[in-house]
Amino acid sequence: MPKSRVGASAGEGAATDTALTALYRQFSSLVSPVWWFADEHIADMPLPHAQSDWQSFTNRCDIADQLRAGGFNVELGDFDIPVDAVQPSTVCYRVSKEKAIVHYLINQALQALPTGGSLLLSGHKNDGLHNYAKKAAALLGTNADIKKQDGGAYLATIIKQQEPSSLLDDSQYTLIREIAQAPQLFSKPGVFGWQKQDRGSALLIEHLHTFLNMFETQPSRVADLGCGYGYISVMAAQQLADAEWLLTDNNASAILAARKNCDVHGLNAELVLADCAAGIQGPVDAVLCNPPFHQGFAVAGSLTDRFLAASHRLLAKKGRALFVVNQFIPLERKAQGLFQACELLCEQDGFKVLCLQK
């Protein structure tokens, strides 16, 4: 199955999330102080009215910007909870797609809430909402009040009756660990493809030699846009030993893992938490990119447009970009008007690898 990363940013036209809508309807009645764990689901959705005694937590800089613009207090990091954070009376969370993150955040809520405090979860059946709510309630010696909402969504309310008897298995969420399928590469839960070597990225590396032969001199500064845990940079550095590297991603968890990989492999690298390279200055000689996308043409298209525009902006006058995308994305057409030439290097396993000449 070709790569399908969730990474849309605000304004990209994602469909309304009925589970998040159901959660938002409860916001006006929540007992403060409130903690709100906010992940990618909130992108594109109008925000409820901000409350001064709420604290939101996210690991994505685009979501953090969206929350700040809406007047919310934001803690941007790897869902880090400051030691001096105000104790919440309520924790609310539209459950994420990855089990390890959900378990980790539920654990944080169960430990932080006082007796009598409430954990409010929303999601759909296929998100595992019922299972998460029941497991969390069991740890507190109580039952979850689960109610069906519009659009197939569910809301679960759990009142803390006692301290948790144990914690859910969060796969040691905070631990950056070696990937079993890719020795000497490190990642962690919360990063796309954190337990594997992504096939699209591997295909890009397989054609890197052809790409580099197109340069009169080897690139001295290279950008990895949407770097994830840094696989492309680490592997490409084997052919570009003297290059300076610029790695950027909108996910703070990814930047942590990428920094570990750059340190382990001795890359001369700058790592920047940024949404599609926003605010980053060029020029660079080359861009390597395996952009994220949703499984849906319109959203995938708009994401691709943004990564193409960022690549063009960062590249030096004679620079080149190497992209790997799903076959259904018309990168050749989208590159017209921005790039002088677009050459297909490979089409395989549901992907295509293309070289773009500025």
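Using just the C-alpha positions of segment 89-217 as equal point scatterers, what log10 of I(q)/I(0) does the Debye formula give at each q in 0.18, 0.22 1/Å?
Ignoring solvent entirely, the Cα scatterers give -0.94, -1.19.
List, in order, the whole-Hz ³J(HN,Hα) value for each residue of segment 164-171 obtained from phi through the Karplus relation with A = 6.51, B = -1.76, C = 1.60 and θ = phi - 60°; use x for Gly and Pro.
Result, ordered by residue: x, 5, 6, 10, 6, 6, 9, 6 Hz.
List the residues whose amide H sits under 5 Å from the amide H of residue 346, counting only those 5 or more places along or on another chain, with H placed 1.01 Å from N in the peptide plane.
Residues meeting the amide H criterion: 353.
Express in Å², to the nearest 10, the accessible area of residue 74 obtained by rolling a 1.4 Å probe over the protein heavy atoms while all chains stay in place.
Surface accessible to solvent at residue 74 totals approximately 30 Å².
Can you pull the semi-axes for segment 177-357, root of five times each eigenvalue of the Cα gyration tensor, sorted largest first, whole Å? Could you put the intermediate results ahead of the total?
Working: eigenvalues 101, 70, 50 Å².
Output for segment 177-357: semi-axes of 22, 19, 16 Å.
I'd like the distance separating the alpha-carbon centroids of segment 214-286 and segment 315-350, in whole Å.
Rounded to whole Å, the Cα centres lie 19 Å apart.
To the nearest 10 degrees, how steeply does helix 99-112 sit against the main Cα axis of the chain, on a 0 to 90 scale?
40
Say we join alpha carbon atoms closer than 10 Å with springs in a Gaussian network model of the chain; which of 128, 151, 337 then has the biggest fluctuation?
So, out of 128, 151, 337, the one fluctuating most is 337.
Roughly what % of Cα-Cα distances in segment 204-261 sit above 16 Å, to the whole percent? It would help to have the intermediate numbers written out before the result.
Working: 691 of 1653 pairs.
Within segment 204-261, distances greater than 16 Å cover 42 percent of Cα pairs.
Given a 1.4 Å probe and heavy atoms of the protein chains only, how would you sort 148, 160, 334, 99, largest accessible area at the top? Each step should come with its number before you reach the end.
On the way: 148 140, 160 0, 334 35, 99 115 Å².
Putting 148, 160, 334, 99 in descending order of accessible area: 148, 99, 334, 160.
Holding the Cα-Cα limit at 30 Å, pick out from 188/318; 99/358; 135/196; 99/160; 196/318; 97/352 the pairs that are longer than that. If you can, show how the numbers build up before the last one.
Numbers: 188/318 37 Å; 99/358 41 Å; 135/196 28 Å; 99/160 22 Å; 196/318 34 Å; 97/352 27 Å.
Pairs exceeding the cut-off: 188/318; 99/358; 196/318.
Calculate, in nm to one decimal, what residue 212 and residue 169 gain on full extension: separation in residues at 0.36 nm each, minus their alpha carbon distance. Working shown, then result.
Details: separation 43, 0.36 × 43 = 15.48 nm, distance 4.43 nm.
Extra length from residue 212 to residue 169 when fully extended: 11.0 nm.
Which percent, to the nearest 5, of DSSP beta bridges fully inside segment 177-357 are antiparallel?
Beta bridges within segment 177-357, antiparallel portion: roughly 45 percent.
Please list 174, 58, 142 in order of solvent-accessible area, largest first, computed with a 1.4 Å probe with all protein chains present.
Numbers: 174 95, 58 0, 142 35 Å².
Putting 174, 58, 142 in descending order of accessible area: 174, 142, 58.
What angle do you read, to the nearest 10 degrees and between 0 and 90, between the alpha-carbon axis of helix 297-314 and the longest principal axis of the chain?
Taking the Cα atoms of the chain, the angle to 297-314 is about 50 degrees.
Would you grab the residues whose amide H sits under 5 Å from the one on residue 276? Only those 5+ places off in sequence or on another chain, please, with H modelled 1.01 Å from N.
250
In segment 177-357, what percent of the accessible surface is made up of carbon and sulfur (1.4 Å probe, ligands and nucleic acids excluded)?
Details: 3460 of 7260 Å².
Its accessible area is 48 percent carbon and sulfur atoms.
Take every DSSP beta bridge with both residues inside the chain and express the antiparallel ones as a percent of the total, to the nearest 5. Write out the running numbers ahead of the final one.
Numbers: 29 of 66 bridges.
Expressed as a percentage, antiparallel bridges in the chain total about 45.
Counting only heavy atoms of the protein chains, get the accessible area per residue of segment 177-357 (1.4 Å probe) and round it to a whole Å² value. Intermediate values should be presented prior to the final figure.
On the way: 7260 Å² over 181 residues.
Accessible area per residue, segment 177-357: 40 Å².
Looking at the chain from every direction and averaging, what is the projected area of its Cα convex hull in nm²? Walk me through the numbers before you get to the answer.
On the way: hull surface 70.1 nm².
Averaged projected hull area, Cα only: 17.5 nm².
Using protein chains only and a probe of 1.4 angstrom, how many square angstrom of residue 103 are accessible, to the nearest 10?
Solvent-accessible area, nearest 10 Å²: 10 Å².
In whole Å, largest first, what are the principal axis extents of the Cα atoms in segment 18-160?
36, 35, 29
Just to verify a number: what accessible area does residue 207 come out at with the full protein assembly present, 1.4 Å probe, Å² rounded to tens?
30
Report the net charge of residues surrounding residue 165, where surrounding means a beta-carbon distance below 15 angstrom and charges are Lys +1, Arg +1, Asp -1, Glu -1. It would help to have the intermediate numbers written out before the result.
Working: positive: 134, 135, 160; negative: 163, 169.
After counting each charged neighbour, the total is +1.
Restricting to segment 92-209, compute how many DSSP beta bridges are antiparallel as a %, nearest 5. Write out the running numbers ahead of the final one.
Working: 14 of 17 bridges.
Antiparallel bridges make up about 80 percent of those DSSP assigns within segment 92-209.
Order the following by accessible area, largest value first: 60, 333. Probe radius 1.4 Å; ligands, DNA and RNA are ignored.
Numbers: 60 10, 333 135 Å².
Descending accessible area places them as 333, 60.
How far apart, in nm, are the 7 Å Cα→Cβ label points at residue 143 and residue 69?
It works out to 4.4 nm between the two label points.
Let's see if you can work this out: charge +1 on each Lys and Arg Cβ, -1 on each Asp and Glu Cβ, no other charges. What is the dipole magnitude of the chain about its Cα centre, in debye to the nearest 20? Show your work: numbers first, answer last.
Details: 30 positive and 36 negative charges, 118 e Å.
My answer is approximately 560 debye.
Quote the FRET efficiency, to the nearest 0.05, computed for residue 242 versus residue 52 with a Förster distance R0 of 41 Å and r equal to the Cβ-Cβ distance.
Values: r = 51 Å, r/R0 = 1.26.
Approximately 0.20, to the nearest 0.05.
Counting only other residues whose beta carbon sits under 10 Å from that of residue 250, what net charge do I get with K and R as +1, D and E as -1?
On the way: positive: 60; negative: 40, 62, 65, 249, 275.
Overall, the nearby charge balance is -4.
The values are calculated or read from the model by the stated rules, or taken from the named source; none is laboratory data. Since the structure is predicted, the reported quantities are computational estimates derived from the model, not experimental observations. Glycine gets a Cβ as well: all are built from the backbone with ideal geometry, and neighbour counts include every protein chain shown. What goes into the accessible areas is simple: the full protein's heavy atoms, side chains included, and nothing from ligands, DNA or RNA. Shrake-Rupley method; radii C 1.70, N 1.55, O 1.52, S 1.80 Å.
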